[in-house]
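These notes are about the structure you will find just below.
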């Protein structure tokens, strides 16, 4: 799609960060995305407010000034990003209900600016419609439909982000794949959900099931679930529970929760998410771990970058073999690449993955 607008990154007057470093990070991302952009430090509150009114995509990095932060409520079109985590668990700035389609990223450090710029560009290149499936601010999906043709008859792809089930990571991680899949003829649903660090494991499981049910709904054709990292576990588990799913795809997924907990993956992410160890909560692990649920009874594509974390590589290889031995229809795809290459729409491993998905969904050969 044509993208002529300049991306403006505006920093608040009280931001604690090296402006030169932020500019270097932003310039690299502008070049990678093929867009024009600049970083503009606001000297005071009026300058910050004026920058938010810019006509093109805006990424706002407000810093600690409460007056600058309070502007979020009136400017939901901007992508807001905090480099820091909230002061206390459960705290969130700005108020999550500040506007339809509002985006707030936090707790990812300077690297969060990269994701904020990507999100701003992707949502301008291929606008999405936000669809709620519950009353909580994290219960929504952003839907991108293919151009032309009968969008109502398009196959459905539901994408589930990773981040070791932690709330600092969100659905923006999957933006690039949603844009790519919409371009390939899919109705792409980018699903957000309540994460267990703030809401508990049952809420996460319930949200994914509800979101998938809404997306599948009266879908006239195939329904594909695609999950990355922790989202790979969620996708495979949801596929085992919902027989409307015709293909489940794990991208560098945490597909064996018992072994993942034993190996302390993600600094104890599995135990923290599920509320205990495998010995302490055996029923939760039995219901949630794809390895424990075999056979799933659903065709699967298991994708793993050869340069990823060695334990994830081990889990992926062993899971694929176990699923095949259990009688599931499983394709295992391993290529060079790291953990985030599998969700980079320009990477060879994603192009191979997309080809495998479209080959299943469009047997006549359509792939764009």
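The values are calculated or read from the model by the stated rules, or taken from the named source; none is laboratory data. Keep in mind that this is a model prediction, so the values were computed, not measured. Cβ sites come from the backbone with ideal geometry, for glycine too, and all protein chains shown count toward neighbours.
The requirement of being modelled with pLDDT of 95 or more, touching a helix residue (DSSP H, G or I) at 6+ places or on another chain (Cβ under 9 Å), crowded, with 17+ Cβ neighbours inside 10 Å and in a loop (DSSP other than H, G, I, E, B) is fulfilled nowhere in segment 348-363; no residue meets it.
Within segment 178-199, being assigned to a helix (DSSP H, G or I) and out of contact with any helix residue (DSSP H, G or I) (no Cβ under 6 Å at 6 or more places or on another chain) holds for 178, 180, 181, 182, 183, 197, 198, 199. Could we say that residue 227 is under 23 Å from residue 122 (Cα atoms) and either outside any helix (DSSP H, G or I) or outside the structural domain of residue 288 (by TED's automatic domain parsing) (or both) here? Judged against the criteria, residue 227 is a match.
From the list 222, 146, which one is in contact with a helix residue (DSSP H, G or I) (Cβ under 7 Å, 6 or more places away or on another chain), over 26 Å from residue 33 (Cα atoms) and surrounded by fewer than 21 Cβ atoms within 10 Å (Cβ to Cβ)? Break it down stepwise before answering.
Details: 146 fails: over 26 Å from residue 33 (Cα atoms).
Checking each option against the conditions leaves just 222.
Please go through segment 7-47 and give me each residue that is under 15 Å from residue 77 (Cβ atoms) and more than 24 Å from the chain's Cα centre (by Cα), ordered by number.
Looking only at segment 7-47, we keep the residues that are under 15 Å from residue 77 (Cβ atoms), and these are 7-10.
Result: 10, single match.
Would you check if there is a residue in segment 138-153 being part of a helix (DSSP H, G or I), under 23 Å from residue 236 (Cβ atoms) and within 13 Å of the chain's Cα centre (by Cα)? The answer is no; no qualifying residue exists. Of the residues in segment 291-313, at least one is surrounded by 15 or more Cβ atoms within 10 Å (Cβ to Cβ), free of Cβ contacts under 8 Å to residues at least 24 places away in the same chain and in a helix (DSSP H, G or I).
When segment 243-266 is limited to residues that are surrounded by fewer than 24 Cβ atoms within 10 Å (Cβ to Cβ) and touching a residue at least 40 places away in the same chain (Cβ under 8 Å), the one that is farthest from residue 337 (Cα to Cα) turns out to be 243. Checked against the criterion of being in the same structural domain as residue 307 (by TED's automatic domain parsing), in a helix (DSSP H, G or I), touching a residue at least 24 places away in the same chain (Cβ under 8 Å) and surrounded by fewer than 24 Cβ atoms within 10 Å (Cβ to Cβ), the candidates 272, 239 yield just one match: 272.
From the list 208, 158, 168, 179, pick out the single residue that is in contact with a strand residue (DSSP E or B) (Cβ under 6 Å, 6 or more places away or on another chain) and touching a residue at least 24 places away in the same chain (Cβ under 8 Å).
Values: 208 fails: in contact with a strand residue (DSSP E or B) (Cβ under 6 Å, 6 or more places away or on another chain); 168 fails: in contact with a strand residue (DSSP E or B) (Cβ under 6 Å, 6 or more places away or on another chain); 179 fails: in contact with a strand residue (DSSP E or B) (Cβ under 6 Å, 6 or more places away or on another chain).
On inspection, the qualifying residue turns out to be 158.
Hey, can you tell me all the residues within segment 242-269 that are assigned to a helix (DSSP H, G or I) and more than 16 Å from residue 309 (Cβ to Cβ)?
258 - this is the single residue of segment 242-269 that is assigned to a helix (DSSP H, G or I) and more than 16 Å from residue 309 (Cβ to Cβ).
Might you let me know whether segment 333-346 holds any residue that is surrounded by 16 or more Cβ atoms within 10 Å (Cβ to Cβ), without any contact (Cβ under 8 Å) to a residue 40 or more places away in the chain, in contact with a strand residue (DSSP E or B) (Cβ under 6 Å, 6 or more places away or on another chain) and assigned to a strand (DSSP E or B)? If you could, list the steps in order and put the result at the bottom.
Of segment 333-346, the ones surrounded by 16 or more Cβ atoms within 10 Å (Cβ to Cβ) are 333-335, 337, 339-345.
With without any contact (Cβ under 8 Å) to a residue 40 or more places away in the chain added as a condition, the list becomes 333-335, 337, 340-341.
Okay, now just the ones that are also in contact with a strand residue (DSSP E or B) (Cβ under 6 Å, 6 or more places away or on another chain), so 333-334, 337, 341.
If we keep only those that are assigned to a strand (DSSP E or B) too, we end up with 333-334.
Yes, because at least one residue in segment 333-346 is surrounded by 16 or more Cβ atoms within 10 Å (Cβ to Cβ), without any contact (Cβ under 8 Å) to a residue 40 or more places away in the chain, in contact with a strand residue (DSSP E or B) (Cβ under 6 Å, 6 or more places away or on another chain) and assigned to a strand (DSSP E or B).
Could you tell me whether segment 200-217 includes any residue that is in a loop (DSSP other than H, G, I, E, B), under 24 Å from residue 353 (Cβ atoms) and assigned by TED's automatic domain parsing to the domain that holds residue 250? Scanning segment 200-217, I find no residue that is in a loop (DSSP other than H, G, I, E, B), under 24 Å from residue 353 (Cβ atoms) and assigned by TED's automatic domain parsing to the domain that holds residue 250, so the answer is no.
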